[in-house]
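Submitted below is the structure of interest, expressed as structure tokens.
What follows draws every value from the coordinates through simple rules; no lab data is involved. What you are looking at is a predicted structure, and each value in this text was computed from that prediction instead of being measured. Cβ: placed from backbone, ideal geometry, glycine included. Neighbour counts: every protein chain shown.
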Amino acid sequence: MATLSASNGAALESSAAAIRMLAARGYEATTAEDLADAVGMSRSTFFRRFGSKDEVIFSDHDHALARLESFLADTALPVPEALAAGTADVLRLLIRDPEAARLRLELMRRTPALRDRELIITHRYERVFVRYLRERVTAPGWVVSALAAGIVAVHNRTLRDWLRGELVDAPEAFARDARRLCGLFREWLAPGDEPGDRRVLVAVYDAAGAPETVLDAVSAQLGPGR
């Protein structure tokens, strides 16, 4: 995955500083001007870059979504691996500052407007996955929608488990569970690779027999073209 540019890294640091101030003073009691001071910007620069208090709290998602879209557009990985790797990188970015990640969760818990904003961001991730899946797989619409929503749900659950201290390596845990989720959709993600399409042959032969004889016998059992 691509590393953060200097400008993106600075923006994420600004977001973390704003989250710390909001957590300390309270969402309603903190003005945009207070946040501009906290991140070392003029009021006009703050509004030009972030637009509002809500935007600065969730600005890391803008970077995460851009990275995710770029990765999915360029990767040659199989669909399950691409979904696992790309979304694990999103998670890695969101928890790069553990304290800020936990403070943001607490802010959302106490502030209904922020929970509504989180739902909007969730839908943005789903749309990214839907576009990617429509381009890469041939599947009914419900499959695409269900898998896109499922990837987001697994990501969100993994993030919350990590925030509660139930996970150490959240990206690895997510990638594992995402692969399991994709396995439920194997019929569309890996057509022709269903367990029922595989044939298993158990061969018993004379160890003293010539290799050619053994191979001929196995080939005969497998059938033509095998």
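May I ask for the net charge around D116, where only other residues with Cβ less than 14 Å from the Cβ of D116 are counted and Lys, Arg are +1 while Asp, Glu are -1?
Here the charged neighbours net out to +3.
Suppose R0 equals 41 Å. What FRET efficiency, 1/(1 + (r/R0)^6) with r the Cβ-Cβ distance, do E81 and R48 give to the nearest 0.05?
Taking R0 as 41 Å, the efficiency between E81 and R48 is 0.60.
Moving on. Work through the residues other than R49 whose Cβ is under 15 Å from its Cβ and net out their charges, Lys, Arg +1 and Asp, Glu -1. Spell out each step's value before the answer.
Details: positive: R43, R48, K53; negative: E13, E33, D37, D54, E55, D60, D62.
With Lys, Arg at +1 and Asp, Glu at -1, the net is -4.
If each residue of separation counts as 0.36 nm, what is the full-extension length gain between R109 and A73 once their alpha-carbon separation is subtracted?
That pair, R109 and A73, stretches by 9.5 nm at full extension.
By average Cβ neighbour count within 10 Å, what is the ranking of 176-186, 152-162 from highest down? Show your work: numbers first, answer last.
Values: 176-186: 16.0, 152-162: 17.8.
The peptides rank, most packed first, as 152-162, 176-186.
Percent of Cα-Cα pairs more than 19 Å apart in the range 1-112, please.
Percentage above 19 Å: 48.
Set the Förster radius R0 to 41 Å, insert the Cβ-Cβ distance between S145 and D37 as r into 1/(1 + (r/R0)^6), and round the FRET efficiency to 0.05.
Working: r = 44 Å, r/R0 = 1.07.
Given R0 = 41 Å and the Cβ-Cβ separation, E is 0.40.
Tell me the volume per residue, in Å³, of the convex hull enclosing the alpha carbons of the range 26-77.
91 Å³
Then there's this: For the range 65-159, taking Cα atoms only, what is the radius of gyration to one decimal and the Dmax to the nearest whole Å?
14.2, 42
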